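Worksheet: the structure to be examined is printed underneath.
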Amino acid sequence: MQVVWFKRDLRVRDHRPLREAAARGPTLCLFVYEPVHLTSPEFETAHIVFANECLRELDEQLGRLGTRLTIRRGSVPEVFSQLDRELRPAGGIAGIWSHEETGLRWSYDRDLRVAEWCRERDVPFQEYPCNGVVRRLGTRDGWASRWQRRIARPPLKTPEGIAPVDLERFEHGRILQPRELDLPPSDRNGVQRGGIAIAHETLASFLSQRGVNYRADMSTPNEGWDGCSRLSPYLAWGSMSMREAYHATRKRVATLGQESGEDPRWRDSLKSFEGRLRWHCHFMQKLETEPDIEFHNMNRAFDGLREDEFDESKFAAWCDGTTGYPMVDACMRAVRTTGWLNFRMRAMLVSFSSYQLWLHWRRPARFLAQQFVDFEPGIHFSQFQMQSGVTGINTVRIYSPRKQQIDHDPDGIFVRRWVPELEGVPDKYLIEPHRMPVDVQEQSGCRIGSDYPKPIVDHAKAYRAAKERIWSKKGSSDARKAAGDVFERHGSRRRTFARSRRR
Ligand SMILES: Cc1cc2nc3c(=O)[nH]c(=O)nc-3n(C[C@H](O)[C@H](O)[C@H](O)COP(=O)(O)OP(=O)(O)OC[C@H]3O[C@@H](n4cnc5c(N)ncnc54)[C@H](O)[C@@H]3O)c2cc1C
């Protein structure tokens with residue numbers, strides 16, 4: 001009996017472990033609810049609600065192939081031991097097939113335990129790459145062309161059929177609801193629905209309609225809601241593979257210029273989108289290469305910069321969306337409800353916590369990991385470190401919430417929607433409500449200090465102090481020296497490549 005172990009690859013197409021196992025005979029398709037995952041600090045109920053929706057469709061699709069999903073709960077090696085006993089009448093487990101996962105420390109440790117379990121029992125354990133991330137990468141040089149070669153291969157076809165477990169009284173198990181997993185209920189609203197068909201519908205509507213103004217829409221939290229692809233949770237849970245996304249995009253690019261009256265914005269939009277698909281793996285590669293960046297600064301010369309100054313009350317205000325900065329508060333409340341935010345607003349939230357509030361990135365990263373339904377560890381931790389300026393190889397960007405509001409929510413639509421206390425505040429004061437005269441506060445029904453907080457920090461002062469501290473550290477000889485090593489391990493070579501070609 002072959003076992004395909006599904007993790008964050010909840011699909012049947014472009015799934016090499018499934019194809020390889022199915023070609024060898026009866027195959028059990030397994031998903032495990034793992035307590036170590038459900039209790040990890042980055043986890044939130046909404047993650048498993050989304051995964052369950054994907055699992056439901058995965059089970060249906062497996063049903064059409066002649067089998068069904070087996071679902072268990074427990075530590076994975078123990079689940080394998082149990083299954084091996086249950087499958088004894090059919091000869092036990094003959095091999096385990098899965099995709100490589102670039103995950104957090106708990107998943108890495110669990111994979112090691114699974115490998116050990118297999119070694120002890122002489123059970124072959126075969127893992128395949130899941131996307132463009134390269135395991136045991138020697139050098140970053142040439143990474144982009146490796147990505148290109150790997151992703152350019154056509155997606156694998158769905159197996160034509162799968163021989164099922166054929167044992168009497170074998171319990172497949174079922175999808176478990178959050179309360180059955182001892183999780184609190186999710187009271188989110190407007191979260192994307194999980195699944196395989198919906199992943200493909202989402203990409204199709206982006207490539208045919210929604211994506212036309214992607215280059216501009218991606219920056220604003222209003223237009224970005226529809227104007228971004230919204231593919232992230234599907235890629236994170238693997239209900240669509242990176243190769244499927246890339247090939248659908250290439251197919252669409254090939255149609256450009258064929259229709260008269262085509263909107264000229266499509267060309268740039270699709271080019272930007274394709275670039276971001278590569279970024280997905282580029283950022284994940286950093287965690288794959290250096291799993292410690294879940295815990296430590298990529299550039300260790302930045303150690304000690306913020307750790308001892310963590311202000312709990314500022315952190316609490318940031319998490320609650322009560323900092324007194326309307327754009328920051330609106331973004332935080334939006335993501336806590338819907339599980340999604342566009343890139344620029346994610347970056348602004350992190351910049352605000354790292355610079356204006358001077359909070360070390362680790363706890364904010366865990367908090368936002370819980371909020372993002374698309375939580376992807378490799379992207380998340382790499383982006384967090386980059387946005388808080390501790391890599392030493394990226395430009396330091398300190399966002400001004402005021403400027404972001406002027407540029408990306410000039411009419412206050414987003415802010416009024418997510419910070420209803422500010423609904424009646426006149427446009428003139430929406431960026432800095434604390435400047436409202438008392439009579440305007442009365443008229444607008446928003447008293448500063450009771451209905452909506454005063455700013456918890458003075459932006460100008462905090463900005464100046466942060467800029468000075470980060471630049472002085474970045475310019476120090478130890479940070480510059482360490483930056484060379486960081487670049488060697490993680491830096492994108494594309495710009496260097498372009499520059500050397502221009503020269
Ligand atoms: C602090 C911070 C944390 C983040 N955490 C995550 C995360 O946990 N999971 C996640 O998928 N993305 C994360 N991102 C990247 C980005 O914000 C999201 O991928 C994007 O907003 C998802 O929406 P979309 O699918 O509509 O993106 P689109 O703009 O339509 O992009 C398409 C796909 O490209 C990839 N992509 C886009 N932008 C980036 C980027 N800057 N870096 C890497 N890949 C990118 C994603 O897979 C995305 O789904 C983070 C960004 C920041 C600043």
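Per residue, the average separation of C-alpha pairs within less than 8 Å and at least 6 apart gives region 197-289 a relative contact order of 31 percent.
Under conditions of 10 °C and 1.306 mPa s, the chain yields 64 µm² s⁻¹ as its translational diffusion coefficient, taking Rh as the Kirkwood radius over Cα pairs in the Stokes-Einstein equation. Over all Cα atoms in region 83-216, the spread is summed up by Rg and Dmax: 20.5, 60 Å.
Quote the relative contact order of region 140-236 in percent (integer), defining contacts as alpha-carbon pairs under 8 Å separated by 6+ residues. Each step should come with its number before you reach the end.
Details: 40 pairs, mean separation 19.3, N = 97.
The value is 20 percent.
Restricting the calculation to Cα atoms, region 292-404 yields a radius of gyration followed by a Dmax of 13.0, 37 Å.
Quick one: putting +1 on the C-beta of Lys and Arg, -1 on the C-beta of Asp and Glu, what dipole do you get for region 197-289 around its Cα centre, in Debye to the nearest 20?
320
Longer than 26 Å from Cα to Cα, which of LYS7/LYS271; LYS7/LYS157; LYS286/LYS474; LYS7/LYS251; LYS403/LYS467 are they? Say none if no pair is.
LYS7/LYS271; LYS7/LYS251
Here the Debye sum runs over all C-alpha atoms of region 169-276 as equal scatterers in vacuum, and log10 of I(q)/I(0) at q = 0.14, 0.15, 0.18, 0.19 Å⁻¹ comes out as -0.65, -0.72, -0.93, -1.00.
Given +1 on the Cβ of Lys and Arg, -1 on the Cβ of Asp and Glu, and no further charges, what dipole in debye does region 293-502 carry about its Cα centre, rounded to the nearest 20?
Working: 34 positive and 26 negative charges, 274 e Å.
Here the size comes out at about 1320 debye.
In debye to the nearest 20, how big a dipole does the chain give about its Cα centre with +1 on each Lys and Arg Cβ and -1 on each Asp and Glu Cβ?
Details: 80 positive and 68 negative charges, 464 e Å.
Dipole magnitude for the chain comes out near 2220 debye.
Computed per residue of the chain from DSSP H runs no shorter than four, each worth -39500 (n - 2.57), the mean residue ellipticity at 222 nm is -14500 deg cm²/dmol.
Only lysines eight or more places from LYS473 in sequence, or on another chain, were considered; those with a Cα closer than 18 Å are LYS481.
In region 330-453, a dipole from Cβ-located charges (positive for Lys and Arg, negative for Asp and Glu) runs towards its positive end, and of HIS434, GLY449, GLY339 it is GLY339 whose Cα lies farthest in that direction.
Averaging the sequence gap over all C-alpha pairs within less than 8 Å and six or more residues apart, then dividing by the number of residues, gives region 400-452 a relative contact order of 30 percent. Of GLY63, PRO420, ALA197, which is farthest on the positive side of the dipole of the chain, counting Cα position, with +1 on Lys and Arg Cβ, -1 on Asp and Glu Cβ, and the Cα centre as origin? Of the candidates, ALA197 comes out farthest on the positive side. With the dipole of region 41-199 worked out from charges on the C-beta (+1 for Lys and Arg, -1 for Asp and Glu) around the Cα centre, which of HIS47, LEU112, THR139 lies farthest toward the positive end? Toward the positive end, the furthest listed residue is THR139. Taking a straight line from the alpha carbon of LYS454, these lysines sit under 18 Å away, with near neighbours fewer than eight places off in the same chain left out: LYS314, LYS428.
Read the figures in this text as sums done on the coordinates, not as results from a lab. Keep in mind the model is a prediction, meaning the values are calculated, not measured. For neighbour counting, all protein chains shown are included, and Cβ atoms are generated from backbone atoms with ideal geometry for every residue, glycine included.
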